[in-house]
Amino acid sequence: MVKKRKHSETNAVEPANKDDNSTEERPKRTLLGWKDKPEVKDTDTPGVFRNKEKVLVTCSRRINFRYRHLMLNVVSLLPHCKKDNKVESKSSKGATLNELVELKSCSSCLFFECRKHKDLYLWMAKCPNGPSVKFLVNAVHTMEELKLTGNHLKGSRPLLTFSSNFDKDAHWKLIKELIVQIFGTPKEHRKCKPYHDHVFAFSIVDDHIWFRNYQITVPHNESDKVARGGLDKMTLVEVGPRFCLNPIKIFGGSFGGPTLYENPFYVSPNQIRALEKKQKAGKYAKKVKAKTRRNMHELTNALEPDEFADMWKE
Amino acid sequence: MGISKKDAALFDEDGFEDEDVNDLNEEISESESESESEDEEDVKLAEPSDKAIYNREGLEEKLQDVSWPENVGWIHKLTIDIDQEQEVDVNDDLKREASFYTQALEGTRQAFEKLQSMGLPFLRPPDYYAEMVKTDAHMEKVKRRLLAEQKEMQEAEERKKARESKKLAKEIQAQKMKERAKQKKEEIESVKKWRKQRQQSGFAGDVNDGELDLAFKDGKSFERSNKKRPGVAPGDRSGGKVRQSGGKGKKKKGKDFRDSKFGFGGRKGMKKQNTADTTNDLRAFNKGSNVAGNKKRKRIAIG
């Protein structure tokens, strides 16, 4: 029994695998190859949904190494993405980015924008006509860190888990939809692998979106199938990266357009730093002020001459 | 709403922020005293600024525009929503991570059940090798670090144990010494007592065995240690070492060994006495000599 099952599964798996390889090697063979395929499918079952998401991942110039590594990690997690050169972020960024996305025939974009070598902003945009979300990225840990001991197949489709408070409000719903479309790997993408061995966790805590990526480890027995009780013994090992997204604004268009949402609690890191500096700068002035005040106080309420001062002098 | 006003300010956001800095500072400085120690990550406005835009209709409209058709199969999305049981404190790292973990685990369970009911393969068979997200070199590094950590922990534990056992041994030793001193004292006492008694009775019962027995009841003090070691001559202090390593060529001889062999006190003559073991030891009679004897005999016979 056991053997039979194994055979059947491997057989079922292999053809899909082969398909993957062949398409990967010869993507341009349009006469019989993949270009025909979707059309055939469309005619077969009209109105069938096919996810053709393509994500452009890029970053601004003068990005920090840590943030660059984060970007590369994201690239390795998304088999359906295209990485592009750094983009000059200062002027007319939106227009150039839109152009670039169109040029690469992508449908969405992740843009890592680094300012002052310190602050990382992440733009998540659907491309031809919006919306786009701008996040501040905090608490970044890359996959290279040795604490994160998990590992998983490159290109296997992730399971996306969301905490239930994503359905609480309109802007969270919109962000969730964007995340599903951008971070979910399309089902029959040529680079994706047929198994599921990692899971993304998106969770809203304290109005920030926290991202975690875990490897799924299930104890295998000989038959390669999960024992029915195997799911209970399932454990997760963190793979990384980790980051925390603080939504700043949601725009109607891609990289621009009317503002639909603005985070009312947001303080930009620039302001925080300025404030800190100001507090530090005030130290000396405060000291001088305190001194003069003390002097004034002493002058106004002078001590009465002590009548017993020379009592023991003799 | 103020959409049209903000339109222009999207791309020169630095300027836009500068405008707001002044009134923001006022707001923050009010709560300055509390928020001094706050971490960079956690800084927030105390209360929501009233100028913030929230265009609910716009958001919903966009959501409609963007989202996939309603009847898309779950297999395309692979999304699972998990209820968070209670509010998680952000600053408590352990609890926060645990909540993420449970969310992911719960989600995976549900997803796997769905996949299983669809009859799709979802677990990687152990003989399916493909490119991984992290390279083997990197995983090797991870492994090495884990091992090093484990080793360090073990070593620390061992050190701790050794320290404790040393302490314990010291205590035991002290106790032993005390006991020995006590025993000695008691023995002396008993002898004195016996002598006194004898004096009192005027040396009357010279052969008063009963009294004597009281003093040395078990005869312990006269008996030598009752550990009888096999193969060790009565006078040998080395504990049979001489005999064991006598024939084994040149070994480096330690000080204690040489003392035991050449004497540092103790009786010498007893070393040469036979014991039951040595008499039964027939190694000295080897067969080779027997053969030689036979030859001789033969030769004699011939001659």
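Residues of segment A:181-314: accessible area per residue at 1.4 Å, in Å²?
Working: 7170 Å² over 134 residues.
I get 54 Å² per residue for segment A:181-314.
Pairs to check: A:154/B:143; A:86/A:126; A:52/B:62; A:126/A:278; A:173/B:114; A:86/A:278. Give those whose C-alpha atoms are more than 30 Å from each other in this structure. Provide the component values of the computation, followed by the final result.
On the way: A:154/B:143 20 Å; A:86/A:126 19 Å; A:52/B:62 19 Å; A:126/A:278 40 Å; A:173/B:114 23 Å; A:86/A:278 34 Å.
Beyond 30 Å between Cα atoms: A:126/A:278; A:86/A:278.
Is there a quick way to get the dipole size of segment A:155-284? I mean about its Cα centre, with the Cβ of Lys and Arg at +1 and of Asp and Glu at -1; what is the value in debye to the nearest 20? Provide the component values of the computation, followed by the final result.
Details: 19 positive and 13 negative charges, 98 e Å.
That gives a dipole near 480 debye.
Among the GluC sites (Glu not before Pro) in segment B:115-157, which ones are in a DSSP loop with at most 14 other Cβ atoms within 10 Å of the Cβ? Mind listing them? All intermediate terms of the calculation are to be shown ahead of the outcome.
Values: sites: B:131, B:140, B:149, B:152, B:155, B:157; in loops: B:131.
Sites meeting the loop and neighbour criteria: B:131.
From other protein chains only, count the Cβ atoms within 10 Å of every residue's Cβ in A:233-245, then give the mean.
For peptide A:233-245, the averaged partner shielding equals 2.
Mind giving me the nanometre distance, one decimal, between the label points for residue A:270 and residue A:173, set 7 Å out from Cα along Cα→Cβ?
Result for the modelled spin labels: 3.4 nm.
Under a 5 Å amide H to amide H cut-off, with H placed in plane at 1.01 Å, what residues pair with residue A:135 once short-range neighbours are removed?
Under 5 Å from the amide H of residue A:135 lie the amide H atoms of A:122, A:123, A:124, A:248, each far enough along the sequence or on another chain.
Using the beta-carbon distance between residue B:256 and residue B:199 and R0 = 56 Å, what value does 1/(1 + (r/R0)^6) give for FRET efficiency, to the nearest 0.05? Provide the component values of the computation, followed by the final result.
Details: r = 46 Å, r/R0 = 0.83.
FRET efficiency, residue B:256 to residue B:199: 0.75.
Considering the convex hull of the alpha carbon atoms of segment A:144-219, report its projected area averaged over all viewing directions, in nm², one decimal. Working shown, then result.
On the way: hull surface 25.9 nm².
Mean projected area of the Cα convex hull: 6.5 nm².
According to the Kirkwood expression over distinct Cα-Cα pairs, how big is the hydrodynamic radius of segment A:224-314, in Å? Display every interim value, and only then the final one.
Details: mean 1/r = 0.0451 Å⁻¹.
Here the Kirkwood hydrodynamic radius works out to 22.2 Å.
Nearest 100 Å² is fine: what is the total accessible surface buried where chains A and B meet, probe 1.4 Å? Please list the in-between numbers first.
Details: alone 20610 and 29030 Å², together 40650 Å².
Summing both chains' loss of accessible area gives about 9000 Å².
Within a 10 angstrom radius of each residue's Cβ in A:200-213, how many Cβ atoms of other chains show up on average? Whole number is fine. Kindly include the intermediate steps, with their values, before the conclusion.
Values: counts 4, 12, 4, 8, 2, 8, 9, 2, 3, 0, 7, 1, 5, 2.
Partner-chain Cβ atoms within 10 Å, mean over residues of A:200-213: 5.
Quick one: net charge of residue A:67's neighbours, Cβ under 10 Å, K/R +1, D/E -1?
Result for the neighbourhood of residue A:67: +1.
Please label the shape of segment A:87-157 as rounded, prolate or oblate, based on the square roots a ≥ b ≥ c of the eigenvalues of the alpha-carbon gyration tensor (a/c under 1.5 means rounded; beyond that, a/b larger than b/c means prolate, else oblate). Present the calculation step by step, with values, prior to reporting the outcome.
Values: a/c = 2.55, a/b = 1.44, b/c = 1.77.
Because a/c hits 1.5 or more and a/b fails to exceed b/c, segment A:87-157 counts as oblate.
To the nearest 0.05, how large is the calculated FRET efficiency for residue A:307 and residue A:287 if R₀ is 25 Å and r is the Cβ-Cβ distance? Numbers along the way, then the final one.
Working: r = 36 Å, r/R0 = 1.43.
Efficiency at R0 = 25 Å is approximately 0.10.
Per residue of segment A:148-156, what does 6.51 cos²θ - 1.76 cosθ + 1.60 with θ = phi - 60° give for ³J(HN,Hα)? Whole Hz please, x for Gly and Pro, Karplus curve as stated.
8, 9, x, 7, 8, 4, 7, x, 6
According to a simple spin-label model (label point 7 Å from Cα along Cα-to-Cβ), what is the distance in nm between residue A:75 and residue B:179?
Taking the two extended label points, one gets 7.5 nm.
Evaluate E = 1/(1 + (r/R0)^6) for residue B:151 and residue B:52, where r is the Cβ-Cβ distance and R0 equals 56 Å; express this FRET efficiency to the nearest 0.05. Provide the component values of the computation, followed by the final result.
On the way: r = 54 Å, r/R0 = 0.97.
Efficiency at R0 = 56 Å is approximately 0.55.
Give a quick list of GluC sites (Glu not before Pro) in segment A:103-148 that DSSP marks as loop, anything other than H, G, I, E or B, with at most 11 other Cβ atoms within 10 Å. All intermediate terms of the calculation are to be shown ahead of the outcome.
Details: sites: A:113, A:144, A:145; in loops: A:144, A:145.
When the GluC sites (Glu not before Pro) of segment A:103-148 are filtered for loop state and at most 11 Cβ neighbours within 10 Å, nothing remains.
Using amide H atoms built in the peptide plane, which far-off residues or other-chain residues are under 5 Å from residue A:198 H to H?
Excluding prolines and chain starts, which carry no amide H, the hits are A:159, A:216.
Please average, across the residues of A:139-150, the number of beta carbons from any other chain that are within 10 Å of each residue's own beta carbon, and give a whole number.
Numbers: counts 1, 0, 0, 0, 3, 4, 1, 8, 3, 2, 6, 4.
For peptide A:139-150, the averaged partner shielding equals 3.
Based solely on C-alpha atoms, express the radius of gyration and the Dmax of segment A:131-172 in angstrom.
Gyration radius and largest Cα-Cα distance of segment A:131-172: 14.9, 38 Å.
The values are calculated or read from the model by the stated rules, or taken from the named source; none is laboratory data. No experiment lies behind these values; they were computed from the predicted model shown. Ideal geometry is used to build each Cβ from the backbone, glycine not excepted, and the neighbour counts take in all protein chains shown. Areas reflect the complete protein model, heavy atoms only, side chains present, ligands, DNA and RNA absent. Shrake-Rupley method; radii C 1.70, N 1.55, O 1.52, S 1.80 Å.
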